[in-house]
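K.L.:
The structure is given below, and queries will be raised subsequently.
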Amino acid sequence: MTTQPHDPQADSIEVDWSWTDSDEDWIPPEIDTSRPSAARMYDYAIGGKDNYEVDRRAVHEVGQILPDFQACAHANRGFLVRAVEALATLGVDQFIDLGSGIPTSPNVHEVAQKAQPSAKVVYVDNDPIVMTYNRALREPQPGVLSLDHDMRRPHAILDDPRLRAHLDLDRPVALLLVAVLHFVRREMAVKVVEQYARLLPAGSYIAISVVCSDGMQPALVERLEQVYEASATPFVARTGAQVEQLFDGKQLIEPGLTDVTRWRSDQGPLPIRILGGVARIG
Ligand SMILES: C[S@@+](CC[C@H](N)C(=O)[O-])C[C@H]1O[C@@H](n2cnc3c(N)ncnc32)[C@H](O)[C@@H]1O
């Protein structure tokens, strides 16, 4: 191997690092910025900065017909936080967050560990940008593991030796499926939830929130479908009856299946319905 002779001039060269101030300063090669991603669009909607022009354009496109998309995303996140608080208060100290999204504040482990300081959380997502940030920001925290999986594969996730080493699957677990099932085909989502319910230990809980098409203008459903069609995660609208089906055979805890703004909260309605519920299984 040959080495270059040292050039003392090189030490004095002024390097322009101003490009690193941009939020798009470094794009890991596995991240596809040619099309929007559901994770990055959601990050933008809740005020995050881990998103790209293509994602912001997609959110603005939705915003032309649904001006309060951001409010919907915030309300959904509020449901997730209240559900985790409620479950941790019930004594649950193991969480699997499927479709975790990009780290935000507060994260699931932060909420859970307030009530259960030794709570353990497994974050699962299949978007490379989420994995990059989960590994960098969430995984170094105590009690946290981050896994790259497709949530439609319950066996692969629950049999993953890393998850088995982190959680005790002989004890109850809370499975979070928050704002992720509207990216899964209807019949498949029912089967996937059923499979998780069968595989998890008795006394476990499943928390779900999902967009409901009841009362939604057909043009809006179509627009949402078109925008997400361009992403890696097409959008699937569900009627209220189809959302209820996801909870078949499970005991909903108070206040049952309702608008996320009404779940242990009394905020006003959203321009679209997002239903949320938490159920006990086994
Ligand atoms: C709208 S975000 C919701 C984030 C978080 N659950 C919340 O409610 O605040 C949806 C997330 O689900 C992830 N996702 C979509 N389909 C998935 C799949 N099949 N497997 C794993 N993650 C998925 C996306 O990458 C994205 O991070």
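K.L.:
Would you list the strands (runs of 3 or more DSSP E) that sit entirely within region 87-189 and hold 2 or more residues that are within 25 Å of Leu252 (Cβ to Cβ), touching a residue at least 24 places away in the same chain (Cβ under 8 Å) and of a type in the set (A, V, I, L, M, F, W, C)?
P.N.:
94-98, 120-125, 174-178
K.L.:
Hey, among the residues in region 109-137 that are over 18 Å from Ala38 (Cβ atoms) and hydrophobic (A, V, I, L, M, F, W, C), which one's surrounded by the fewest Cβ atoms within 10 Å (Cβ to Cβ)?
P.N.:
Ranking the candidates gives Ala136 first.
K.L.:
Say whether the condition of being open to solvent by less than 40 Å² (accessible area, probe 1.4 Å), in contact with a strand residue (DSSP E or B) (Cβ under 7 Å, 6 or more places away or on another chain), over 25 Å from Ser209 (Cα atoms) and more than 10 Å from the ligand (Cβ to nearest atom) is met by at least one residue in region 138-151.
P.N.:
No, that holds for no residue.
K.L.:
Identify, please: which residue in region 220-244 is outside any helix (DSSP H, G or I) and of a type in the set (A, V, I, L, M, F, W, C) and is, among those, most open to solvent (accessible area, probe 1.4 Å)?
P.N.:
Ala232
K.L.:
Let me ask something else about it. Please go through region 62-84 and pick out each residue that is open to solvent by 20 Å² or more (accessible area, probe 1.4 Å), within 16 Å of the ligand (Cβ to nearest atom) and in contact with a helix residue (DSSP H, G or I) (Cβ under 6 Å, 6 or more places away or on another chain).
P.N.:
Gly63, Phe69, Gln70, Val81
K.L.:
Is there a residue in region 215-224 that is among the β-branched types (Val, Ile, Thr), touching a residue at least 12 places away in the same chain (Cβ under 8 Å) and touching a Cys at 6+ places or on another chain (Cβ under 9 Å)?
P.N.:
No, that holds for no residue.
K.L.:
May I pose another question? Just for region 159-186: of the residues that are among the small types (Gly, Ala, Ser) and open to solvent by 10 Å² or more (accessible area, probe 1.4 Å), which one is nearest to the ligand (Cβ to nearest atom)?
P.N.:
Filtering first and then ranking leaves Ala179.
K.L.:
Now, a different point. Considering only residues that are more than 16 Å from Val227 (Cβ to Cβ) and within 11 Å of the ligand (Cβ to nearest atom), look in region 31-49 and name the one that is nearest to the chain's Cα centre (by Cα).
P.N.:
Once the filter is applied, the top-ranked residue is Ile46.
The values are calculated or read from the model by the stated rules, or taken from the named source; none is laboratory data. It should be emphasised that the depicted structure is a prediction, and the values quoted were computed from it without experimental measurement. Counting neighbours? That spans all protein chains shown, and the Cβs are built from the backbone with ideal geometry, glycine included. The area values use the complete protein model at the heavy-atom level, side chains included, leaving out ligands, DNA and RNA. Shrake-Rupley method; radii C 1.70, N 1.55, O 1.52, S 1.80 Å.
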